[in-house]
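Sharing a structure, written as structure tokens. Questions coming.
The values are calculated or read from the model by the stated rules, or taken from the named source; none is laboratory data. Bear in mind the structure is a predicted one, so any value in this text is a computation, not a measurement. Cβ: placed from backbone, ideal geometry, glycine included. Neighbour counts: every protein chain shown. Note: accessible area is taken over every heavy atom of the protein model, side chains too, but ligands, DNA and RNA are not part of it. Shrake-Rupley method; radii C 1.70, N 1.55, O 1.52, S 1.80 Å.
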Amino acid sequence: MAGLAAAFGSGAMTNSIADIAQADVILVIGSNTTEAHPIIALQIKKAVRENGAKLIVIDPRKIKLVDYAHLWLRQKPGTNVAVINGLMNVILEKSLADEEFIANRTEGIEELKAILPKYTLEVAERISGVPATDLRQAARIFAQAERATIIYSMGITQHTTGTDNVLSIANLAMLTGNIGKPGTGVNPLRGQNNVQGACDMGALPTTLTGYQKIAHDEVRAKFEKAWSCRLPKEAGLSVVEMFEAALQGKIKAMYIMGENPMLSDPDITHIEKALRTLDFLVVQDIFLTETAEFADVVLPGATFAEKDGTFTSTERKVQRVRKAINPPGKAKADWEIICDLAKAMGYEMGYSFPGEITDEIASLTSTYGGILFDRVNSSGGIQWPCPSLDHPGTTILYQDKFARGLGKFHPVEYKPPSEEPSEEYPLILTTGRLLFQYHTGTMTRRSKGLEEICPAGPVEINLEDAAAYRIKEGEEVILASRRGKIKVRVNITERSPQGTIFLPFHFSEYPANVLTNPALDPLAKIPEFKVCAVRIEKL
Amino acid sequence: MAQVIVTINGRRIKTEIGKTILEVAKENGIYIPTLCYEPRLKPYGACRVCLVEVEGAKGLLPACATEVTDGMEIATDTVTLYEIRRTIVELLLSDHPPNCLVCESAGSCELQDLAYRLGIEEVRFKGEQYEYKVEDFNPLIERDHSKCILCGRCVRICEEVQGIKVYDFINRGFETVVTTPFDRSLTETECEFCGQCVSTCPTGALIDRQRKFKGRIWETAKVRSICPYCGCGCQIIIHVKNGEVIGISADVECGVNEGNLCAKGRFGYNFINHQDRLKTPLIRKDGRFIEASWEEALKVVTTNLSKIKTKYGADSIAGLSSAKCTNEENYLFQKFMRAVIETNNVDHCARL
Ligand code: SF4
Ligand code: SF4
Ligand code: SF4
């Protein structure tokens, strides 16, 4: 979310899910919403069907939403910036920009204007493969809408240019004045149920709760006082950097709670090596996951149904999670395990109920200031920022001003993905999610019914590529990238464009992340899951 | 909203224009029976059990599809209405299989509730029993046409909410059924297994197959919580019997999802009570995991972490928190890494 923080001053969905119903135009880019966020997809479909909203889909794959779209721009993977710059160039040329909004609410428009003229329709078409006429039409529809919203997800962020992509989206929204009103906004959809919460809570190497910077002395002082401790000042390592450091022998021990990097992280051969190199690994999870197999100690945690607390959804809504059953055997709620561990190491964490922790968070975090446990418990959820007890929460961000004051345009130039198809690896591999499976499958694959409906999925290959390689439906082939090889079964489809292969990452039988590129976006530190170069080898 | 005043069963009620008679009655605690009505759907007005009498109107009007007007005088509980309702329900029961005893929907069946409410001890009509077997071997949704009352809720919710059209009415008259094209299994249709149709079906015609014979609705504890899968944050109700999660439902009246869920949220609950769950701490000894007590496990962890911290410094330790855990747990995890281990090497896999 580094891009949004730079443009607006903070990074989360600006508007609410229910708000989509009020949009005249919905631009979905890099989000296979029907599969990854089904309930939000219902809102989009309803807006199109019942309110006559126009839907523009920008996606290399023929995702389901394309069936509902007014316009579908099928760009080459990794060319989002060229597409958006092309759109913005048309908007400026045709004087469709919202000059009033730009003048009153933003800064940096001149820098953006300086780079846009070279993104003519011809140039944008040449880079992205999207026909100039479609680009022109999309620009018109978007800019002329009274209220236009942009919805995006991992298809935007999981690139080495992820931050650039997000900045471009923010540019487009500000250029057309689509911020701070119902039915507008820049709306990133977070993948896992509590990603928003994990970030808000400071499970990040540079920030404490509510994105308070660890580098700031007064922030550290406040937390040191509350926690009775000394806090380190230097930024920590991000997840991909941690594994790098482990390989270099700089990280010796890891404590991993409820994550399975052995399937979810890029280049897992590399991760396996890193985990093996560690002197000591503690894994706390609900199953003996692929990652837990490498642990020295495994601690049995609890599922969501076995604990109390709160989750924060993608629309910044803090909602109550309630304990329905006890964890099995000696397993314990994860918060209890952390408390026990802290105590064993000589630091008192004497909470008797998660609500006490919720209230501690509120006392240290202005955006969560009014989100006390009792309030969450007796309401349907509260959207942050909610600074005080009498504040109702915020459904739409930046109605009068941005978190950083003025919104900032960033001139973003198109950069090709870090790995482009070559003679040796002529195809592009892109990874993603399926409707019936979730993340690394730890939960869905053990839900028998879902697994039966959606067993380990095949790789999607376009008709023409299949013909060129003489591959038959259901055939097994080898996919090879610069990092590894895996055997996969082929599904021939029109969903994927020619030259692009799609592989879901849920399945350990077909570990997509043996192939993917760990190259990182320099700011957001998100790996390039959406583009890597591969070749097909016949068996 | 323009205010209007209506009278229901002699009671003067102030309300707003644009509301249906049914909505106004509900808001004021006045019962009007329904079968084909469902708040998530457009009014349909087909089952006729919600008919009411309106002063001056030609014939009876369906409460679910009639909007109130100023001065409207409505009666919802007259003898005529009772007779009509009773006849409709008796006709439905006349060809309904009498196996409510073991029906999965007993206790949550709207037909059963209505028959009880109307005091139908005996059905005056003897209808032909309907035999219509559907062999749909999908693992999630069981369909039994013999229990179908043709309310069309499944047809409409699939189309109006999910945006698909898996079911339709076929044949005519007594032969009418609601099914998929050519009676195909749901796995051979566009079905997304969202289960919206199961959630709306008023009878036992559509049920969650995984839940079958796991427990009666009245025996289950119902706990409100949040779906553990994607970031939409759908509100769910967890159904529990004997410490086991046996089903998930959603409340039409709350949350961003308004009673809707997707396949993961509605059917993806079997992992919770799965036999492979970790039930005890494990310690690796000579390459193998040995079951251990909490005390032993925590001792190994603290000894090793302390040793490594002393030898290589706090920044040689790193922690990964979890986007699946609660806010409180994420908060404690980073607090633990920062305050106890004394490093900022803490992250989670959400970037991924
Ligand atoms: S499960 Fe969903 S998609 Fe399938 S038939 Fe029912 S409503 Fe339609
Ligand atoms: S299957 Fe259920 S919801 Fe569908 S028409 Fe029959 S009774 Fe109504
Ligand atoms: S029910 Fe489906 S859409 Fe709703 S939160 Fe769960 S996974 Fe997401």
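Using a Förster distance of 22 angstrom, determine the FRET efficiency expected from the C-beta separation of A:Gln144 and A:Asp400, and round it to 0.05. Could the numbers behind the result be given before it?
Values: r = 25 Å, r/R0 = 1.13.
So the FRET efficiency works out to roughly 0.30.
Search the structure for amide H atoms under 5 Å from the amide H of A:Ile58, placed 1.01 Å from N in the peptide plane, and list their residues when 5 or more places away or on another chain.
Correct list: A:Val28, A:Ile29, A:Gly30, A:Leu73.
Identify the chymotrypsin sites (Phe, Trp or Tyr not before Pro) of the range B:24-84 meeting these criteria: DSSP loop state and at most 11 other C-beta atoms within 10 Å of the C-beta. Don't jump to the answer; show the numbers that get you there.
Values: sites: B:Tyr31, B:Tyr37, B:Tyr44, B:Tyr82; in loops: B:Tyr31, B:Tyr37, B:Tyr44.
Answer by residue number: B:Tyr31.
Please report the carbon-and-sulfur percent of the accessible area for chain B; probe 1.4 Å, protein heavy atoms only, DNA, RNA and ligands left out. Show your work: numbers first, answer last.
Numbers: 7840 of 15460 Å².
That fraction is 51 percent.
Expressed in nm to one decimal, what extension gain is obtained for the pair B:Asp276 and B:Ala2 from 0.36 nm per residue of sequence separation less their Cα-Cα distance? Can you show the working numbers first?
Working: separation 274, 0.36 × 274 = 98.64 nm, distance 5.96 nm.
Taking 0.36 nm per residue and subtracting the Cα distance, the gain is 92.7 nm.
Using amide H atoms built in the peptide plane, which far-off residues or other-chain residues are under 5 Å from B:Lys19 H to H?
B:Val68
Please list 3J(HN,Hα) in residue order for the range A:379-384, calculated via the Karplus relation 6.51 cos²θ - 1.76 cosθ + 1.60 where θ = phi - 60°; whole Hz, with x for glycine and proline.
Those phi angles translate into 10, x, x, 10, 8, 6 Hz.
From the protein chains alone at 1.4 Å, what is the descending order of accessible area for A:Met257, A:Met262, largest first? Can you show the working numbers first?
On the way: A:Met257 0, A:Met262 20 Å².
Sorted by accessible area, descending: A:Met262, A:Met257.
Okay, next question. Is chain A best put as rounded, prolate or oblate by its Cα gyration tensor, with a ≥ b ≥ c the root eigenvalues, rounded for a/c under 1.5, and otherwise prolate when a/b is larger than b/c, oblate when not?
Verdict is oblate for chain A.
What is the extension gain from B:Lys26 to B:Lys126, computed as 0.36 nm multiplied by their sequence separation minus the C-alpha to C-alpha distance, in nm to one decimal?
Working: separation 100, 0.36 × 100 = 36.00 nm, distance 3.39 nm.
Full extension of this stretch gives 32.6 nm more.
Same structure again: Under 16 Å Cα to Cα from A:Lys408, which lysines show up? Leave out anything in the same chain fewer than 8 places away.
Hits, sequence-local ones excluded: A:Lys113.
Label points 7 Å out from Cα along the Cβ direction at A:Cys229 and A:Arg322: separation in nm?
3.3 nm
Below 8 Å between Cα atoms, with a sequence gap of 6+, how large is the relative contact order for the range B:133-217 in percent?
Values: 120 pairs, mean separation 33.3, N = 85.
In percent, rounded to a whole number, it is 39.
I would also like to ask the following. Among A:Ile20, A:Ile63, A:Phe142, whose Cα sits farthest toward the positive end of the charge dipole of the range A:1-143 (+1 at Cβ of Lys/Arg, -1 at Cβ of Asp/Glu, about the Cα centre)?
Working it through, the farthest residue towards the positive pole turns out to be A:Ile63.
What shape does the range B:284-351 have by the C-alpha gyration tensor, where a ≥ b ≥ c are the square roots of the eigenvalues, rounded means a/c under 1.5, and otherwise prolate means a/b greater than b/c and oblate the rest?
Working: a/c = 1.94, a/b = 1.30, b/c = 1.50.
Here the range B:284-351 falls in the oblate category.
Follow-up question, since we're still on this one. If I ignore ligands, DNA and RNA and count only protein heavy atoms, how much of B:His274 is accessible to a 1.4 Å probe, in Å² to the nearest 10?
That residue has around 40 Å² of solvent-accessible surface.
Still on this structure, I have one more. What spacing in nm lies between the two simple spin-label points modelled at B:Lys311 and B:Ser293, each 7 Å away from Cα in the Cβ direction?
Output for this residue pair reads 2.8 nm.
Also, quick follow-up: With +1 on each Lys and Arg Cβ and -1 on each Asp and Glu Cβ, and nothing else charged, work out how big the dipole of the range B:22-79 is about its Cα centre, in Debye to the nearest 20.
340 debye
Using only Cα atoms, find the angle between the long axis of helix B:294-312 and the longest principal axis of chain B, and express it within 0 to 90 degrees, rounded to the nearest 10.
That works out to roughly 50 degrees.
Follow-up question, since we're still on this one. How large is the helix-only mean residue ellipticity at 222 nm for chain A, computed as the sum of -39500 (n - 2.57) over DSSP H runs with n ≥ 4, divided by its residue count, in deg cm²/dmol to the nearest 500?
On the way: 20 runs with 172 residues, N = 539.
Mean residue ellipticity at 222 nm (helix-derived): -9000 deg cm²/dmol.
Suppose a student asked you for the relative contact order of chain A, using Cα pairs under 8 Å spaced at least 6 residues apart; what percent would you report?
On the way: 1123 pairs, mean separation 96.5, N = 539.
Once normalised by length, the contact order is 18 percent.
Further question: Just to confirm, what accessible area per residue do you get for the range A:329-483 at 1.4 Å probe, in whole Å²?
Details: 6710 Å² over 155 residues.
I get 43 Å² per residue for the range A:329-483.
Quickly estimate the mean residue ellipticity at 222 nm for chain B, helices only: each DSSP H run with n ≥ 4 gives -39500 (n - 2.57), and the total goes over all residues, rounded to 500.
Numbers: 8 runs with 77 residues, N = 352.
Estimated from H runs of four or more residues: -6500 deg cm²/dmol.
Tell me, what ³J(HN,Hα) does each residue in the range A:189-197 have, in order and in whole Hz, if you take phi through Karplus 6.51 cos²θ - 1.76 cosθ + 1.60 with θ = phi - 60° and put x for Gly and Pro?
Along the range A:189-197, the couplings run 9, 7, x, 8, 3, 10, 4, 4, x Hz.
Past the 21 Å Cα-Cα mark, which pairs from A:Lys94/A:Lys401; B:Lys222/B:Lys264; B:Lys212/B:Lys264?
Working: A:Lys94/A:Lys401 27 Å; B:Lys222/B:Lys264 19 Å; B:Lys212/B:Lys264 18 Å.
In this structure, A:Lys94/A:Lys401 lie more than 21 Å apart at Cα.
Counting only DSSP beta bridges with both residues in the protein assembly as shown, tell me the antiparallel percent, nearest 5.
Working: 59 of 105 bridges.
Of the beta bridges lying entirely in the protein assembly as shown, close to 55 percent run antiparallel.
Still on this structure, I have one more. Quick one: compute the contact order of the range A:158-242, relative version, from alpha carbon pairs under 8 angstrom and 6+ residues apart, as a percent.
Worked out over the range A:158-242, it gives 16 percent.
Right, here's the next one. What's the total accessible area buried between chains A and B, using a 1.4 Å probe, rounded to the nearest 100 Å²? Kindly include the intermediate steps, with their values, before the conclusion.
Working: alone 23300 and 21120 Å², together 33580 Å².
So the total buried area for this chain pair works out to about 10800 Å².
Run through the range B:220-280 and list the GluC sites (Glu not before Pro) located in a DSSP loop whose Cβ has at most 11 other Cβ atoms within 10 Å.
On the way: sites: B:Glu244, B:Glu253, B:Glu258; in loops: B:Glu253, B:Glu258.
Passing both the DSSP loop test and the Cβ count: B:Glu253.
Next up: For a 28 Å ceiling on Cα separation, which of these pairs sit above it: A:Lys46/B:Lys26; A:Lys181/B:Lys335; A:Lys64/A:Lys538; A:Lys45/A:Lys76?
Numbers: A:Lys46/B:Lys26 26 Å; A:Lys181/B:Lys335 37 Å; A:Lys64/A:Lys538 30 Å; A:Lys45/A:Lys76 25 Å.
Those over the limit are A:Lys181/B:Lys335; A:Lys64/A:Lys538.
Under 5 Å between amide H atoms, partner at least 5 residues away or on a different chain: which partners does A:Leu288 have, H built in plane at 1.01 Å?
When sequence neighbours closer than 5 places are left aside, the close amide H contacts are B:Leu278.
Continuing with this model, one more query. How far, in nm, would the chain grow between A:Ser379 and A:Ile478 when pulled straight, counting 0.36 nm per residue and subtracting the alpha carbon separation?
Values: separation 99, 0.36 × 99 = 35.64 nm, distance 5.24 nm.
Stretched fully, the A:Ser379-A:Ile478 segment lengthens by 30.4 nm.
Of the options B:Val245, B:Cys234, B:Asn257, report the single residue whose Cα projects farthest towards the positive end of the charge dipole of the range B:214-277 (beta-carbon charges: Lys, Arg +1; Asp, Glu -1).
Looking along the dipole axis, the top candidate is B:Val245.
In whole Hz and in residue order, list the ³J(HN,Hα) couplings for the range B:138-154 that follow from phi through the Karplus curve 6.51 cos²θ - 1.76 cosθ + 1.60, θ = phi - 60°; x for Gly and Pro.
Calculated HN-Hα couplings, in order: 8, x, 10, 10, 9, 10, 9, 5, 5, 9, 6, 9, 6, 6, x, 5, 5 Hz.
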